[in-house]
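Here the structure comes first, spelled out in structure tokens, and everything after it is commentary.
The values are calculated or read from the model by the stated rules, or taken from the named source; none is laboratory data. Model, not experiment: these values are computed from the prediction. Every residue, glycine as well, gets a Cβ built from its backbone with ideal geometry; the counts of neighbours run over all protein chains shown.
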Amino acid sequence: MPTTAEIAEMASWGEDVSAYFTNKFTVVRPLHRVNVDLTRGMLRELDERAAHLNVSRQAVIKTLLRQALNLRSGSRPESKKKAG
């Protein structure tokens, strides 16, 4: 199963990625807004990755954070939930 970044990459090349979406998901609520201070270099890297994947900076941050938390906890990636 490809990662979300790999699926986004395939979609950016015009490949059909509809098989990876079931439209069955759990919305996690409530969301809480947070502020994070980042260096210019980090913002530049995030923006470059977002532009490459044709997604928002926020989507990149959420995806990378989820991957890091999964690695830290030894969890498998959340494949059946929609990122919120």
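Scan segment 16-47 for residues that are of a type in the set (D, E, K, R) and surrounded by 10 or more Cβ atoms within 10 Å (Cβ to Cβ) and jot them down.
Once the filter is applied, which keeps residues that are of a type in the set (D, E, K, R) and surrounded by 10 or more Cβ atoms within 10 Å (Cβ to Cβ), segment 16-47 yields ARG44, GLU45, ASP47.
Limited to segment 21-38, what total is found for residues that are within 19 Å of LYS62 (Cα to Cα) and hydroxyl-bearing (Ser, Thr, Tyr)?
Going through segment 21-38 one residue at a time, the tally reaches 1.
Mind counting the residues in segment 59-76 that are loosely packed, with under 10 Cβ neighbours inside 10 Å and either in contact with a strand residue (DSSP E or B) (Cβ under 9 Å, 6 or more places away or on another chain) or at pLDDT 90 or above (or both)? Walk me through how you get there before you give the answer.
Step one: list which residues in segment 59-76 are loosely packed, with under 10 Cβ neighbours inside 10 Å, which gives 72-74, 76.
Filter once more, so that each one left must be either in contact with a strand residue (DSSP E or B) (Cβ under 9 Å, 6 or more places away or on another chain) or at pLDDT 90 or above (or both): none.
Final tally of qualifying residues: 0.
How do the helices (runs of 4 or more DSSP H) wholly within segment 1-80 filter down when requiring 2 or more residues that are on the phi > 0 side of the Ramachandran plot and among the polar types (S, T, N, Q): which remain?
none
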